[in-house]
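The block underneath contains the structure these notes are about, expressed in structure tokens.
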Amino acid sequence: MTTLSKDDTTLIRLTLNGREVQGRASPRLLLSDFLRHELGATGTHVGCEHGVCGACTVRVDGVMARSCLMLAMQAEGAQVDTVEGLAPQPDRLSVLQAAFRRHHALQCGFCTAGILMSLDTLLRDEPDADRTRIEEVVGGHLCRCTGYAPIIDAALDAAAELRGGDHV
Amino acid sequence: MKPAPFDYIRAETREDALAALSEHGEAARILAGGQSLLPMLNMRLATPSVIVDTYRLSRAAQIREAGDAVEIEAGVTQARLLGWDGLAKALPLFAKALPWVGHAQTRARGTVCGSVAHADPSAEIPLCVAVLGGEVVLSNRRKSRKVASGEFHIGMMMTDRRDDEMLTALRLPRAKPGEGYGFAEYGRRHGDFAVVACAAKVTADSITFGVGGVGDTPVVARWDALDGSALDDALNACAWGLGARDDVHADARMRRDLVRGLGRRAIEAARREITA
Ligand SMILES: Cc1cc2nc3c(=O)[nH]c(=O)nc-3n(C[C@@H](O)[C@H](O)[C@H](O)COP(=O)(O)OP(=O)(O)OC[C@H]3O[C@@H](n4cnc5c(N)ncnc54)[C@H](O)[C@@H]3O)c2cc1C
Ligand code: FES
Ligand code: FES
């Protein structure tokens, strides 16, 4: 059992995109704010802070999670993956990111980090995900710019490429 | 917005959680999947002074088949139940309703017991528990008690849980041959809370019909195997009896219409599925 009083802070250690990192948190600090303000990982965006928009979606221990609905305390010892970890090299995009670029699947880009994390997780867990599955998962996100169609096209294209097929 | 300050206790086991509740009682709030509590903390609709984090219980939490019941322990996530390979056979109503509970991203952390404890009147899980006639297991440090779901949900977000108790498990009767199940819902968007949700369990000579989203708690009616206009009349009387109100999502008249239409759809779907 771990306890932390409201006026105290503690050291949180976690693995962010494969690297061990640490920062300080008080009990009420949200994981989204810990990532952005403590660790400086500002790729994860914050829209609504009540779980609805999906902008803050990250991967925690292999599953999608709204980082605005987690306390930093809950990520102690966890494997956290964010949009910063998707590109295989600084000058190369992942297959999914490249598909987003080709299909113009972002305009302002505010929603993009969260959608990429959901889709990256889906395509890892279910390489055969079809349009229905992809639409279902994108349904957990709000995008005010694109009208979603290019996002779905990009995801289908990336899924086909990852399966070793042709671009659609 | 950000949560107001609180003391944090991370429970590694059920015993840790119950000890914390017995010490802090009313001041404490259990954190399960956080998919309802964190929004409430962020919006400061809830300002508990102590948070008892039970998320780590998820690792050991079980879905257990015990005779003619299925027991779902606190900590089992909605995603895990949806992925359980026994689901379609043992709990067909949950197989139909769970995809309507939020989004893949919220089901990944949100728990089954957390939804029952939260007692939102539009929530699908409490509705299904009510139609199945499930039981809630409540435990404090010394003892456990079982409460029928109809007695557990006493009002909008109000339950029979005492301050030192935790909902430790949910017990649901397994589906039996000769039963069929149906579920139908209308919401503004898929994944949003239901404006009206209807669930039905039918046999050759009975209908158990439940409505969520209209009353303060799920409402359950039991009828003979009504058909045709007799079924329309029963659904109509049920729709009027719910005391539907107007809000931004739908007015009372639309809600009554939805109960009649979705109700029939759920019951007919259930009838097509009666198992031999
Ligand atoms: C975008 C979004 C969409 C959603 N859509 C839906 C929807 O369509 N339908 C739906 O039903 N829900 C929906 N939800 C809520 C659902 O995701 C939650 O998972 C569920 O309501 C609560 O479960 P939880 O495990 O997350 O509990 P928490 O949020 O951790 O807790 C909720 C409440 O229950 C209490 N509690 C939790 N576990 C216990 C326990 N074991 N014993 C005693 N008290 C306990 C907590 O103290 C708290 O008061 C949605 C949420 C979001 C963010
Ligand atoms: S900021 Fe987390 S879902 Fe909107
Ligand atoms: S690209 Fe602007 S919100 Fe999605």
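In segment A:153-162, is there at least one residue being among the acidic types (Asp, Glu) and within 13 Å of another protein chain (Cβ to nearest Cβ)?
Step one: of segment A:153-162, the residues among the acidic types (Asp, Glu) are A:153, A:157, A:161.
Still in the list and also within 13 Å of another protein chain (Cβ to nearest Cβ): none.
Within segment A:153-162 (the criterion being among the acidic types (Asp, Glu) and within 13 Å of another protein chain (Cβ to nearest Cβ)), the answer is no, since none of the residues qualifies.
Scanning for something at pLDDT 95 or above, in contact with a Phe, Trp or Tyr (Cβ under 7 Å, 6 or more places away or on another chain), more than 16 Å from ligand 2 (Cβ to nearest atom) and assigned to a helix (DSSP H, G or I), does segment A:73-94 turn up at least one residue?
The answer is yes, given that some residue of segment A:73-94 is at pLDDT 95 or above, in contact with a Phe, Trp or Tyr (Cβ under 7 Å, 6 or more places away or on another chain), more than 16 Å from ligand 2 (Cβ to nearest atom) and assigned to a helix (DSSP H, G or I).
Residues checked against (1) free of Cβ contacts under 8 Å to residues at least 60 places away in the same chain; (2) more than 14 Å from chain A (Cβ to nearest Cβ):
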{"position": "B:GLY34", "(1), (2)": "no, no"}
{"position": "B:ALA46", "(1), (2)": "yes, no"}
{"position": "B:THR54", "(1), (2)": "no, no"}
{"position": "B:GLU71", "(1), (2)": "no, yes"}
{"position": "B:ASP85", "(1), (2)": "yes, yes"}
{"position": "B:ALA90", "(1), (2)": "no, yes"}
{"position": "B:LEU93", "(1), (2)": "no, yes"}
{"position": "B:THR106", "(1), (2)": "no, no"}
{"position": "B:THR111", "(1), (2)": "no, no"}
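Going by the conditions given, is A:HIS104 assigned by TED's automatic domain parsing to the domain that holds A:ARG133 and in contact with a helix residue (DSSP H, G or I) (Cβ under 6 Å, 6 or more places away or on another chain)? Full working, then the answer.
Working: assigned by TED's automatic domain parsing to the domain that holds A:ARG133: yes; in contact with a helix residue (DSSP H, G or I) (Cβ under 6 Å, 6 or more places away or on another chain): yes.
When the stated conditions are applied, A:HIS104 passes them.
For A:ASP120, are the conditions met, namely being buried (at least 19 other Cβ atoms within 10 Å of the Cβ) and of a type in the set (Asp, Glu)? Even if it seems obvious, please write down each step before you answer.
Details: buried (at least 19 other Cβ atoms within 10 Å of the Cβ): yes; of a type in the set (Asp, Glu): yes.
It is true that A:ASP120 is buried (at least 19 other Cβ atoms within 10 Å of the Cβ) and of a type in the set (Asp, Glu).
For A:THR82, work out the one condition from (1) under 19 Å from A:VAL58 (Cα atoms); (2) surrounded by fewer than 23 Cβ atoms within 10 Å (Cβ to Cβ); (3) in contact with a Lys or Arg (Cβ under 9 Å, 6 or more places away or on another chain) it doesn't fulfil.
Status for A:THR82: all satisfied but (2).
For the list (1) surrounded by 24 or more Cβ atoms within 10 Å (Cβ to Cβ); (2) more than 10 Å from ligand 1 (Cβ to nearest atom), I need the number of the one condition that B:GLY34 fails.
Unmet condition: (2).
Would you check if there is a residue in segment A:53-70 being assigned to a loop (DSSP other than H, G, I, E, B) and of a type in the set (Val, Ile, Thr)? First the steps, then the outcome.
Pass one, segment A:53-70, residues assigned to a loop (DSSP other than H, G, I, E, B): A:53-56, A:61-62, A:70.
In the following step, the residues that additionally are of a type in the set (Val, Ile, Thr) were identified as none.
Within segment A:53-70 (the criterion being assigned to a loop (DSSP other than H, G, I, E, B) and of a type in the set (Val, Ile, Thr)), the answer is no, since none of the residues qualifies.
Hey, can you tell me all the residues within segment B:123-146 that are surrounded by fewer than 17 Cβ atoms within 10 Å (Cβ to Cβ) and either assigned to a strand (DSSP E or B) or in the same structural domain as B:VAL202 (by TED's automatic domain parsing) (or both)?
Listed by number, the residues that qualify are B:SER144, B:ARG145, B:LYS146.
From the set of residues in segment B:1-30 that are under 18 Å from A:ALA75 (Cα atoms) and more than 8 Å from chain A (Cβ to nearest Cβ), which is nearest to the chain's Cα centre (by Cα)?
Start the filter on segment B:1-30 by keeping residues that are under 18 Å from A:ALA75 (Cα atoms), which leaves B:2-3, B:6-13, B:30.
Next, only the ones that are more than 8 Å from chain A (Cβ to nearest Cβ) stay: B:13, B:30.
Values: B:THR13: 24, B:ILE30: 17 Å.
Top of the filtered list is B:ILE30.
The values are calculated or read from the model by the stated rules, or taken from the named source; none is laboratory data. Remember, predicted model here, so these are calculated numbers, not experimental data. Backbone-built Cβ (ideal geometry, glycine too); neighbour counts: all protein chains shown.
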